[in-house]
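Asker: Could you have a look at this structure, given as structure tokens, before my questions?
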Amino acid sequence: MLKAALLRMKDVFPAALLVRGQDYQRRGHVLSIRLSDGLLKARIKGSSSQIYDVHIDLKSWPGTPSRCSCQYRVSCEHAVACLYALQVRENLGFVAPLPSLQKAGWRTESAYPVVDEVLEAEETQWYSDIHDEGHDFFAYQLGIIVDDTTISIVPLVVDLISRMDIDALESLSDDKLVNLPFAEGRILQISLGRIKPLLRLLLQYGSRAVNNDGQLEINRYQLALIQEAEQAIASTAARWLGTRRLQTQLQQLTTIATLPVVPVPVGLKTELRDYQQQGLNWLQCLRTIQFGGVLADDMGLGKTIQTLAHLQYEKEQGRIQKASLIVAPTSLVGNWFDEAMRFTPDLKALVFHGSERHQDNFDEYDLVISTYGLIQRDKQRFLDYSFYYLILDEAQSIKNARTKTTQIIQQMNGKHRLCLTGTPLENNLGELW
């Protein structure tokens, strides 16, 4: 049973853990070990002299993962060390996969043999760096500065995730200290609460979002999560190396206490109810900080009026230089045009539909109203134009990311983006995503 477990280690543990685990065993860190009816119980000393308890049920391992009282909880280097220690005690000979690592160029004689330096997050200089990659995507990096060298912690947190019991993440104390090895013999010691936002971000979008330079590739809407990570890790020595405009936008979004009241547009031919005025204020706030958004009111509460009031205000402020596009189900196109003519007659509106639609020039209008069906049929026409606003009515129509219409809409150019929908409130809030 033990020999079978040792032979399977290379399929269960990452190569780096195998090296570290054998190093623990060679240096005598396994303090006690007992095997009874297939259950391995052991005590081991960690890199900073902490004492951990390890349990491995060899009868069901690796289907049932090893358990450890360290911060990684499962499948850690301490479990590896205990398996090696049991191998030595039982005189099984060397059957584990370390020789193949040596052939591959690994230096197995000493991996992090001694922790020579522990850097505490409170006393370390931090940096963050973000660069515009185009198409509303950004490359983001967060890290520490050691000896005038920047070290990204994103790959370190990815490595931490591979060794943690993720199901237990939220139950762990924010004060719990975790060690992030970043160089031989050097670790960054940081409280779990400070990296939880980054952990959540990586868990949600996966390590595939990390490029070869240790940067996260994110879109504009994930920047709010980044701001949470920034605030959690903030220290007096932190510095921002990226785009100042993006930092300002994040600060504006996360420090809003009350929405500035926007005057009702002069050309709006109706009175706004209190909650509709709040909607107008919100839309104007999003435009100011250059974020898209979702207006998710229940059906019949006037999402159309709030949107038209917003566009009318934009025209009166002289900001409309290009047409805005409203994409709606075919059954609602007529309603959009009628309400635009009734409540915002100053907005020159076009229904882009029918056999003669190609004769129309978008630049001659403030508002173009079309359908989801035509997005796919006239794909190139829509992709070739840069709209001022791209507005999706009944936006739940594109919640399936695999459809061609959704993929085309994601490629369309719009200085501002807005989704209108009531369905998530009627079904479940998860649909807002």
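The values are calculated or read from the model by the stated rules, or taken from the named source; none is laboratory data. Keep in mind that what you see is a predicted model, and the values were worked out from it rather than measured. Heads up, the Cβs are rebuilt from the backbone with ideal geometry, glycines too, and the neighbour counts pull from every protein chain shown.
Here is a yes/no grid of residues against (1) acidic (Asp, Glu); (2) within 29 Å of Thr288 (Cβ to Cβ); (3) part of a helix (DSSP H, G or I):
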position	(1), (2), (3)
Leu374	no, no, yes
Ile408	no, yes, yes
Gly414	no, yes, no
Leu418	no, yes, no
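Asker: Here are Leu17, Leu6: which of them is at pLDDT below 80, surrounded by 22 or more Cβ atoms within 10 Å (Cβ to Cβ) and either closer than 26 Å to Pro181 by Cβ or in contact with a Leu (Cβ under 6 Å, 6 or more places away or on another chain) (or both)?
Answerer: Every option except Leu17 fails the conditions.
Asker: Next up: What pairs come up if the first residue lies in the stretch 387-409 and is assigned by TED's automatic domain parsing to the domain that holds Ser331, the second is of a type in the set (Asp, Glu) and modelled with pLDDT under 90, and their beta carbons are under 7 Å apart, counting only those six or more places apart or on different chains?
Answerer: Gln396/Glu431; Lys399/Glu431
Rundown of residues vs (1) over 30 Å from Lys3 (Cβ atoms); (2) surrounded by fewer than 14 Cβ atoms within 10 Å (Cβ to Cβ); (3) at pLDDT 80 or above; (4) under 32 Å from the mean Cα position of the chain (by Cα), yes/no style:
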| position | (1), (2), (3), (4) |
| --- | --- |
| Trp61 | no, no, yes, no |
| Ser69 | no, no, yes, yes |
| Ala79 | no, no, yes, yes |
| Gln87 | no, no, yes, no |
| Asn91 | no, yes, no, no |
| Leu101 | no, no, no, no |
| Arg107 | no, yes, no, no |
| Gly134 | yes, yes, no, yes |
| Pro155 | yes, no, yes, yes |
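Asker: Keeping to the stretch 382-398, report how many residues are buried (at least 16 other Cβ atoms within 10 Å of the Cβ) and not in a strand (DSSP E or B).
Answerer: Going through the stretch 382-398 one residue at a time, the tally reaches 8.
Asker: Here's a follow-up. Tell me, please, whether a residue that is crowded, with 16+ Cβ neighbours inside 10 Å and without any contact (Cβ under 8 Å) to a residue 60 or more places away in the chain can be found in the stretch 286-301.
Answerer: No, there is no match, as no residue in the stretch 286-301 is crowded, with 16+ Cβ neighbours inside 10 Å and without any contact (Cβ under 8 Å) to a residue 60 or more places away in the chain.
Asker: Test Ser32 against the criterion of being small (Gly, Ala, Ser), without any contact (Cβ under 8 Å) to a residue 40 or more places away in the chain and either crowded, with 17+ Cβ neighbours inside 10 Å or part of a strand (DSSP E or B) (or both), and give yes or no.
Answerer: When the stated conditions are applied, Ser32 passes them.
Asker: Something else: Mind listing whichever residues of the stretch 324-353 are in a loop (DSSP other than H, G, I, E, B) and either surrounded by fewer than 23 Cβ atoms within 10 Å (Cβ to Cβ) or modelled with pLDDT under 95 (or both)?
Answerer: Pro329, Pro345, Asp346, Leu347, Lys348, Phe352, His353
Asker: Criterion first (on the phi > 0 side of the Ramachandran plot and touching a residue at least 12 places away in the same chain (Cβ under 8 Å)) does Glu364 satisfy it?
Answerer: Criteria not met by Glu364.
Asker: Here's a follow-up. Among the candidates Lys10, Lys41, which residue alone is among the charged types (D, E, K, R), in contact (Cβ under 8 Å) with a residue 12 or more places away in the chain and in a helix (DSSP H, G or I)?
Answerer: Lys10
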